[in-house]
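Participant: Provided herewith is a single structure, encoded as structure tokens, for subsequent inquiry.
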Amino acid sequence: MRATWLRIGLLAGILIPAGVSAQTAGLAACVIDEAPWGRKTDGSGIYPEVMDRLTRETGLAIRVEITPLPRTLHDVEAGHCQFTITSWTESRADRVVRGTVFAELDYGLLVGVNSRIAGPEDLADKTIAWSRGLLIGEPYDTDTRFTKYLVDGYEQAMTMTEAGRVDAAVGSMVTLEALTGIHGTASRFGQRVVLTRVPLVLQLSRGFAGSPEAAQIIRAIEVMRESGISSEIIARHFARLA
């Protein structure tokens with residue numbers, strides 16, 4: 001990237017370096033609205049911090065769009081946002097372009113205190129609170145042994161489990177467990193069951209993938225992962241919730 005700054009960008013006050021097109025000068029990243037990923041009470045979050053770092057590392061102006069989980073992938077596929085970072089399964093390959101891995105997390109179940117699920121073998125005939133748009137990979141995404149009770153996010157999944165209306169909530173273990181700490185509800189949950197390890201992956205719209213700017217973002221995320229910065233950011237934000 002040349003050092004000479006040529007013009008003021010489409011977003012007021014943001015300088016855009018030479019070589020960045022007007023079309024991609026104001027990029028949008030859709031990020032999920034679950035705390036602490038997309039937002040917290042002070043307005044910060046894991047992904048907003050990541051996007052700020054990407055802006056500083058690449059010189060690209062990146063606007064954060066806080067988006068409900070069920071809509072995030074749709075908005076990237078439709079081109080309303082150029083990219084997101086979220087859980088990846090191969091079933092998404094016909095909708096968006098897979099970029100690089102940002103981090104990996106355990107996904108699984110927090111089981112209600114009155115339910116009995118010790119492992120995947122116990123899922124038959126159970127009802128699981130499952131956030132709309134959540135994918136954790138096979139065989140669980142299409143498993144017909146249990147009933148998916150579709151909810152609008154982790155908070156609702158946890159509330160349903162606490163009330164005994166479902167047997168467990170599914171999702172990122174670190175997020176589910178953080179929510180029990182935030183709300184002081186750990187005593188209402190029993191078994192912790194890890195089902196799989198899921199990569200959080202940069203996912204790009206087809207119109208943006210292959211551009212020079214996409215390549216810059218991919219490389220910057222690779223550096224963050226390889227240097228341990230991505231894991232440090234995740235750990236730090238969850239520590240603040242403890």
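Participant: For GLU222, GLU177, GLU213, give the ranking by accessible area with the largest first, probe 1.4 Å.
Facilitator: GLU177, GLU222, GLU213
Participant: For GLU222, project a label point 7 Å along Cα to C-beta. Then give me every residue of the stretch 91-119 with its amide nitrogen under 11 Å of that point.
Facilitator: Residues 100-101 qualify, since their backbone N sits under 11 Å from the label point.
Participant: Which value in nm describes the separation of the simple spin-label points at GLU155 and ARG236, placed 7 Å from the Cα toward the beta carbon?
Facilitator: Taking the two extended label points, one gets 2.5 nm.
Participant: Moving to a separate point now. In whole Å, what are the Cα extents of the stretch 130-242 along the three principal axes, biggest one first?
Facilitator: On the principal axes, the stretch 130-242 reaches 50, 35, 21 Å in Cα extent.
Participant: Quick one: with all protein chains in place, what share of the accessible area of the chain is carbon or sulfur, to the nearest percent (1.4 Å probe)?
Facilitator: Reported share for carbon and sulfur atoms: 51 percent.
Participant: Along the charge dipole of the chain, Cβ charges K/R +1 and D/E -1, which of GLY171, THR196, LEU54 sits furthest on the positive end?
Facilitator: The one lying farthest along the dipole's positive direction is LEU54.
Participant: Can you tell me the relative contact order of the chain? Whole percent, Cα pairs under 8 Å, sequence separation 6 or more.
Facilitator: 24 percent
Participant: Next question, about the same structure. Once every DSSP H run of n ≥ 4 in the chain is given -39500 (n - 2.57) and the sum is divided by its residues, what mean residue ellipticity at 222 nm do you get, rounded to the nearest 500 deg cm²/dmol?
Facilitator: The helix-only estimate for the chain comes to -9000 deg cm²/dmol at 222 nm.
Participant: Here is a further query. In whole percent, what relative contact order does the stretch 35-88 give with Cα contacts below 8 Å and a gap of six or more residues?
Facilitator: 20 percent
Participant: Let's see if you can work this out: charge +1 on each Lys and Arg Cβ, -1 on each Asp and Glu Cβ, no other charges. What is the dipole magnitude of the chain about its Cα centre, in debye to the nearest 20?
Facilitator: Approximately 480 debye in magnitude.
Participant: In the full protein assembly as shown, how much of ASP122 is accessible to a 1.4 Å probe, in Å² to the nearest 10?
Facilitator: Spelled out: ASP122, probe radius 1.4 Å, area about 50 Å².
Participant: With label points built 7 Å along Cα→Cβ from the Cα atoms of ARG145 and SER91, find their separation and express it in nm.
Facilitator: In this crude spin-label approximation the distance works out to 1.7 nm.
Participant: When the Kirkwood radius is taken over all Cα pairs of the stretch 79-199, what Stokes-Einstein diffusion coefficient follows at 25 °C and 0.890 mPa s, in µm²/s?
Facilitator: Rounded, D is 165 µm²/s.
Participant: Take the chain, drop everything but the C-alpha atoms, weight them equally and run the Debye formula without solvent; then report log10 I(q)/I(0) at 0.07, 0.13, 0.17 Å⁻¹ to two decimals.
Facilitator: Normalising to I(0) and taking log10 leaves -0.25, -0.80, -1.24.
Participant: With the radius of gyration and the Kirkwood radius both derived from the Cα set of the stretch 22-137, what is their ratio Rg to Rh?
Facilitator: On the Cα set of the stretch 22-137, Rg over Rh gives 1.04.
Participant: Still on this structure, I have one more. Could you size up the charge dipole of the stretch 20-159 around its Cα centre, putting +1 on the beta carbon of Lys and Arg and -1 on that of Asp and Glu, and report it in debye to the nearest 20?
Facilitator: 240 debye
Participant: Accessible area per residue for the chain in Å², computed with a 1.4 Å probe and the full protein assembly in place, what is it?
Facilitator: Normalised by residue count, the accessible surface of the chain is 46 Å².
Participant: Could you tell me the accessible area of ARG95 in Å² (1.4 Å probe, neighbours in place), rounded to the nearest ten?
Facilitator: ARG95 has an accessible surface of roughly 80 Å² with all protein chains in place.
The values are calculated or read from the model by the stated rules, or taken from the named source; none is laboratory data. This structure is a prediction, so every number in the text was calculated from the model and none was measured. Positions of Cβ are backbone-derived with ideal geometry, glycine not excepted, and every protein chain shown enters the neighbour counts. Only protein heavy atoms, including side chains, enter the accessible area calculation; ligands, DNA and RNA are left aside. Shrake-Rupley method; radii C 1.70, N 1.55, O 1.52, S 1.80 Å.
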